[in-house]
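Quick one: this structure, given as structure tokens, is what I'll be asking you about.
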Amino acid sequence: MPKSIIVEGKTTSEAISIGLKKLNVSKDKVNIKIIEEHEKRSFFSILSPRIVKVELTLKEEEKNIKSFKEKETSIKIDENELNASKVRIDAFLNEFIKNFNDLEYKTNIDLENGFLKIDINGTDSKTLIGYRGEVLNSLQVILNSIANKDAKNKVRIVLNISNYREKREKSLEELADKISKTVYKTGKSITLEPMMAYERKIIHNRLQSSDKVKTYSIGEEPYRKVVIEKK
């Protein structure tokens with residue numbers, strides 16, 4: 001695929017659209033430069049068509065976000081370090097959960113494919129999950145710091161509370177299906193609310209094989225959003 005192309009159109013938008021189709025990429029993947037904008041004269045034409053030339057250059061390709069499990073299986077971690085991290089996390093969680101006197105929680109920590117898989121289940125999991133997983137994700141950051149205290153190699157963890165991640169994945173897939181139908185029907189693109197990287201990846205994966213819509217991300221973290229657009 002060429003890294004840069006020059007295309008013509010009657011308007012800037014038309015030229016850009018033509019270029020994106022030739023490169024087979026979304027608008028956020030290219031840098032756009034208008035290099036010529038003039039009227040193309042014709043001896044036999046009273047109304048001279050306006051011609052716009054633009055140059056589209058592919059941005060440096062972002063590294064694909066690999067799945068959590070794929071990344072972890074490629075990292076060699078000393079089992080003693082994993083066990084030490086497991087002990088620290090277990091001790092922290094036991095003390096942490098004591099603060100919820102009226103609630104009952106059970107924790108389970110397993111070593112799986114070179115990382116620590118932490119599951120918490122309780123009578124009122126919403127308290128630890130928070131709005132759309134905000135508390136869960138913050139707790140995971142804390143546990144990650146604890147796991148890596150005094151560790152020579154990076155210890156990876158994944159926290160799940162009452163199967164929230166599986167439920168969230170299902171709801172995001174359903175959302176992707178619903179929004180894609182609306183976009184295809186109306187022809188208007190829809191920008192979703194800011195999401196974490198793993199959540200955006202769920203949307204992208206769900207619609208990547210669609211022949212009706214396409215997806216791409218815009219903005220900067222932590223406010224990066226997914227855009228669903230008709231093909």
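Please list 3J(HN,Hα) in residue order for region 211-216, calculated via the Karplus relation 6.51 cos²θ - 1.76 cosθ + 1.60 where θ = phi - 60°; whole Hz, with x for glycine and proline.
Couplings: 9, 10, 9, 9, 10, 7 Hz.
Continuing with this model, one more query. Tabulate in residue order the Karplus-calculated ³J(HN,Hα) for region 122-131, using 6.51 cos²θ - 1.76 cosθ + 1.60 with θ = phi - 60°, rounded to whole Hz; enter x for Gly and Pro.
x, 6, 9, 5, 4, 4, 8, 8, x, 5
OK, next. For I157, enumerate residues with amide H under 5 Å from its amide H, sequence gap 5+ or separate chain, H modeled in the peptide plane.
L116
Here is a further query. Within 10 Å of each candidate Cβ there may be at most 10 other Cβ atoms; applying that plus a DSSP loop requirement, which chymotrypsin sites (Phe, Trp or Tyr not before Pro) in region 139-231 survive?
Answer by residue number: Y223.
Still on this structure: When you count, for each residue, the other Cβ atoms within 10 Å and take the mean per peptide, how do 186-192, 111-117, 5-11 rank with the highest first?
111-117, 5-11, 186-192
Label points 7 Å out from Cα along the Cβ direction at N113 and I35: separation in nm?
Between N113 and I35, the simple spin-label model gives 4.5 nm.
Tell me, what are the semi-axes, in whole angstrom and largest first, of the equivalent ellipsoid of region 167-230 as set by the roots of 5 times the Cα gyration tensor eigenvalues? Each step should come with its number before you reach the end.
Values: eigenvalues 63, 37, 18 Å².
Taking √(5λ) for each Cα gyration eigenvalue gives 18, 14, 9 Å.
List the residues whose amide H sits under 5 Å from the amide H of V213, counting only those 5 or more places along or on another chain, with H placed 1.01 Å from N in the peptide plane.
Sorted by chain and number, the residues that satisfy this are K231.
FYI, it's all coordinate maths here, none of it is from the lab. Owing to the predicted nature of the structure, the values given are computational and were not obtained by experimental measurement. When we count neighbours, we look across all protein chains shown, and the Cβ atoms used for this are built from the backbone with ideal geometry, even at glycine.
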